[in-house]
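The values are calculated or read from the model by the stated rules, or taken from the named source; none is laboratory data. None of these values were measured; they are calculated from a predicted model. We place every Cβ from the backbone using ideal geometry, glycine too, and count neighbours over all the protein chains shown. What goes into the accessible areas is simple: the full protein's heavy atoms, side chains included, and nothing from ligands, DNA or RNA. Shrake-Rupley method; radii C 1.70, N 1.55, O 1.52, S 1.80 Å.
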Amino acid sequence: MIKNKHVMMYACQGSGKSILAAFMATSAVKNGNKTLLLTHRLEILKQNLSKIEALGQEVHVVRGVKGISNIPLAVAMSQTINARLKNPHSAEEYKRFISEFDFIIIDEAHRGEHD
């Protein structure tokens, strides 16, 4: 399992970041790491989702509180996760949910939405 490693990658627009993120996510899952891919825009989330599915990996889109446990690979909007963490009815469940991931990929990590 991956523990306490931080890696930053920079690549210019059109260089294949979504393909690379999908490959990293699917490889991490195949190696037994529970993986989360976060993004800040719906179109990028859909793009990442389609690349992961093209690699043959099942992926879950995080929308609500129900069904968020035991997910080996998930994609989510940072704003969704942030809203759930601020909601007193879902905050504890989402803190637990986030802490269960071994590998988290943050697309556009320089954005303020990923606080």
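Observations on the structure shown:
- Exceedance of the 25 Å cut-off in Cα-Cα distance is limited, within the set 17/86; 17/95; 34/95; 30/86, to 17/86; 17/95; 30/86.
- The accessible-area ordering, largest first, of the residues 27, 18 stands as 27, 18, per a 1.4 angstrom probe.
- Residues residue 8 and residue 86, FRET efficiency given R0 of 35 Å [Cβ-Cβ distance, rounded to 0.05]: 0.85
- C-alpha center-to-center spacing [region 83-100, region 11-40] in angstrom: 23 Å
- Signed unit charges on C-beta, dipole axis of region 6-85, positive-most listed residue 76, 7, 32: 76
- Residues 63, 84 ordered from highest to lowest accessible area at a 1.4 Å probe: 63, 84.
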